[in-house]
Amino acid sequence: MLKHMADRSFGDVGGTPGGIGHFLLGFAMACIGAYLLANQVTVAGSYWNFYGGNTFGITLLPMLFGIGLLFFNGKSVIGWLLTAAGALFIVAGVIANMHIYFQPTSLFNTIVMLVLLVGGLGLIARSMRAH
């Protein structure tokens with residue numbers, strides 16, 4: 001592996017010669033486009049109503065119990081499962097109770113955001129090809 005890496009230079013992107021300029025420009029474009037697009041989105045939460053009102057504390061119990069088991073024994077499979085399942089349950093509950101709205105904007109702004117995002121991803125993919 002080190003022998004193959006010795007023949008590479010800093011300008012090699014994705015294991016192919018050349019492409020660092022395309023990659024950096026594409027990365028910058030994709031980041032700016034994603035930021036602008038995400039900036040136009042409003043996320044409004046709602047109350048946690050899983051099996052009735054005010055049950056959020058109950059969903060914390062498996063994760064907290066799993067964390068307690070992990071502090072007792074870091075290799076505990078049950079502790080890892082409870083922690084992961086509890087965290088997943090909490091994230092799923094939060095996502096399920098969100099309302100996501102795209103704020104009104106002009107067609108020009110929307111096109112600029114999408115062209116930056118998709119164009120940047122295209123340049124990143126292009127940088128992976130040999131030049």
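Quick look at the values:
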| read-out | value |
| --- | --- |
| Restricting segment 83-104 to residues that are open to solvent by less than 50 Å² (accessible area, probe 1.4 Å) and out of contact with any strand residue (DSSP E or B) (no Cβ under 9 Å at 6 or more places or on another chain), the residue that is modelled with the highest pLDDT | T83 |
| Those residues of segment 61-73 which are open to solvent by 70 Å² or more (accessible area, probe 1.4 Å) and more than 15 Å from F89 (Cα to Cα), in sequence order | F71, F72, N73 |
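Here's the yes/no breakdown for (1) open to solvent by less than 50 Å² (accessible area, probe 1.4 Å); (2) modelled with pLDDT of 95 or more; (3) among the aliphatic types (A, V, I, L, M); (4) out of contact with any strand residue (DSSP E or B) (no Cβ under 9 Å at 6 or more places or on another chain):
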| position | (1), (2), (3), (4) |
| --- | --- |
| K3 | no, no, no, yes |
| F10 | no, no, no, yes |
| T16 | yes, no, no, yes |
| H22 | no, no, no, no |
| M29 | yes, yes, yes, yes |
| G45 | no, no, no, no |
| N54 | no, no, no, yes |
| T59 | yes, no, no, yes |
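The values are calculated or read from the model by the stated rules, or taken from the named source; none is laboratory data. Note that the coordinates shown come from a computational prediction; the quantities given were computed from them, not determined experimentally. Glycine gets a Cβ as well: all are built from the backbone with ideal geometry, and neighbour counts include every protein chain shown. Heads up: the accessible areas ignore ligands, DNA and RNA and are worked out on the full protein's heavy atoms, side chains in. Shrake-Rupley method; radii C 1.70, N 1.55, O 1.52, S 1.80 Å.
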